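One structure is given below, represented as structure tokens, and several questions about it will come after.
The values are calculated or read from the model by the stated rules, or taken from the named source; none is laboratory data. Everything quoted here is computed from the prediction, not taken from an experiment. Cβ sites come from the backbone with ideal geometry, for glycine too, and all protein chains shown count toward neighbours.
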């Protein structure tokens, strides 16, 4: 989808086709989907269009689709449509962030006008993002994968190096470190960003439907197969297939996957016709696949095909210096999701968080941020259980304040304006505190990217 487009989601085929035809006659590019799940594969932070969706559908309904889309990018215009006259539903939709709301039957010209306004707004949002990036603001990868530890600097460098290629990638890391975030970042800055990213949870594939789910089937291929169905691999053509927790894939399916990766061809169940497959494979694993190979649970030849490039995502315990700034970002994100005002996070709490091991990694830290924003505490952590109890209060405050300012300077690459704006202090106050604590923005950002002026 290189040009601005409309994703049209409606489970009623006749209505979907007639609406798509009307929009196309108005000169718009339309992609039709019978379910919300299919449309979500096309939604990325760089998506250049709008979404028009029915509300009442089996599976994911329109309100849930709206929420899922805004989890990815809150600035994507979503227009919701319903055949039920429900004022309260319309109010709920607008409050939930819908761009607009229509009741069936509607005039196609009215829908066209709304869609065009939505496309104009989306174009302006993306243009502003490019201008901010050109002005030296942190890029999207910095925002998705924050941190100034050497491990994160190296991960972002390697990610940017391999993303524009078509090399298959293996992402390794403990549960909760953000392997899927890394995979989506790779897809979104690759040449395949305008095509689907199809995620497959290898641990949750139903055994009796595995081949049909992945490869698709022809009508009559087995009892109940009433019509031809695309599989997930075919649905991802031109895009990326994310094989989540590849180590959990059954042995017999590993052999079939190996052939697909080698030949880039699939055959639907009930057919002998090979279908070319232009996809990139990204696999994730929380276990060391070399050990699984040695134990006989994973094919060595499949591992060699998958790990053309291997990216390791560090645990939080390996990058404790990133925890304070990451927690602040997660609290801000939680405030946006829950529509709450941002709240203060005491410096002492940030240091406590940095000392914790976080066995659940970023996922556990995100849950803690949500609880903190909602006033439910941090769980089992005791915010007072840190530091030397004999330290004077002024010394502890100074130490924590220095840590926060240093983390903020690192997170923004030495650019001062976003730092004093984020901390809610004046430029003069920031300068004074940097001098008091002997903070050198050049030293703090050395080794990553060049310093940016205000």
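Just one of (1) crowded, with 16+ Cβ neighbours inside 10 Å; (2) within 29 Å of residue 152 (Cβ to Cβ) trips up residue 229, so point out which.
Answer for residue 229: the failing condition is (2).
Okay, moving on. Of the residues 238, 216, 220, 247, which is closer than 23 Å to residue 198 by Cβ, assigned by TED's automatic domain parsing to the domain that holds residue 182 and exposed (fewer than 15 other Cβ atoms within 10 Å of the Cβ)?
Result: 238 is the single residue among 238, 216, 220, 247 that is closer than 23 Å to residue 198 by Cβ, assigned by TED's automatic domain parsing to the domain that holds residue 182 and exposed (fewer than 15 other Cβ atoms within 10 Å of the Cβ).
Can you find a residue that is in the same structural domain as residue 296 (by TED's automatic domain parsing), surrounded by fewer than 16 Cβ atoms within 10 Å (Cβ to Cβ) and at pLDDT 90 or above anywhere in segment 181-190?
Checking segment 181-190: at least one residue is in the same structural domain as residue 296 (by TED's automatic domain parsing), surrounded by fewer than 16 Cβ atoms within 10 Å (Cβ to Cβ) and at pLDDT 90 or above.
Mind telling me which of the residues 114, 43 ends up being buried (at least 18 other Cβ atoms within 10 Å of the Cβ) and within 26 Å of residue 213 (Cα to Cα)?
Among 114, 43, only 43 is buried (at least 18 other Cβ atoms within 10 Å of the Cβ) and within 26 Å of residue 213 (Cα to Cα).
On the given criteria, is residue 203 more than 29 Å from residue 415 (Cα to Cα) and either within 15 Å of the chain's Cα centre (by Cα) or in contact (Cβ under 8 Å) with a residue 40 or more places away in the chain (or both)?
Answer is yes for this residue.
Pick from 316, 306, 311: which is in contact (Cβ under 8 Å) with a residue 40 or more places away in the chain, over 18 Å from the mean Cα position of the chain (by Cα), surrounded by 21 or more Cβ atoms within 10 Å (Cβ to Cβ) and under 30 Å from residue 259 (Cα atoms)?
After applying the criteria, what remains is 306.
Answer yes or no: is there a residue in segment 144-162 that is part of a helix (DSSP H, G or I), more than 21 Å from residue 308 (Cα to Cα), outside the structural domain of residue 321 (by TED's automatic domain parsing) and under 18 Å from the mean Cα position of the chain (by Cα).
Within segment 144-162, one or more residues are part of a helix (DSSP H, G or I), more than 21 Å from residue 308 (Cα to Cα), outside the structural domain of residue 321 (by TED's automatic domain parsing) and under 18 Å from the mean Cα position of the chain (by Cα).
Tell me whether segment 77-91 contains one or more residues that are modelled with pLDDT of 85 or more, surrounded by 13 or more Cβ atoms within 10 Å (Cβ to Cβ) and within 30 Å of residue 415 (Cβ to Cβ).
Scanning segment 77-91 turns up no residue that is modelled with pLDDT of 85 or more, surrounded by 13 or more Cβ atoms within 10 Å (Cβ to Cβ) and within 30 Å of residue 415 (Cβ to Cβ).
Taking the stated definitions as given, is residue 341 surrounded by fewer than 20 Cβ atoms within 10 Å (Cβ to Cβ), under 25 Å from residue 72 (Cβ atoms) and at pLDDT below 85?
Yes.
If you check residue 18 against the conditions, is it over 18 Å from the mean Cα position of the chain (by Cα) and within 30 Å of residue 186 (Cα to Cα)?
no
Do we have any residue at all in segment 267-275 that's at pLDDT below 90 and buried (at least 18 other Cβ atoms within 10 Å of the Cβ)?
yes
Each row is one residue, and each column tells you yes or no for (1) outside the structural domain of residue 324 (by TED's automatic domain parsing); (2) in a loop (DSSP other than H, G, I, E, B); (3) modelled with pLDDT under 80.
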{"residue": "353", "(1), (2), (3)": "no, no, no"}
{"residue": "358", "(1), (2), (3)": "no, yes, no"}
{"residue": "377", "(1), (2), (3)": "no, yes, yes"}
{"residue": "385", "(1), (2), (3)": "no, yes, yes"}
{"residue": "389", "(1), (2), (3)": "no, yes, yes"}
{"residue": "395", "(1), (2), (3)": "no, no, yes"}
{"residue": "408", "(1), (2), (3)": "no, no, yes"}
{"residue": "425", "(1), (2), (3)": "no, yes, no"}
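Let me ask you something else. Select from segment 46-59 the residues that are surrounded by fewer than 18 Cβ atoms within 10 Å (Cβ to Cβ) and within 20 Å of residue 102 (Cβ to Cβ) and list them in ascending order.
Within segment 46-59, just 56 meets the criteria.
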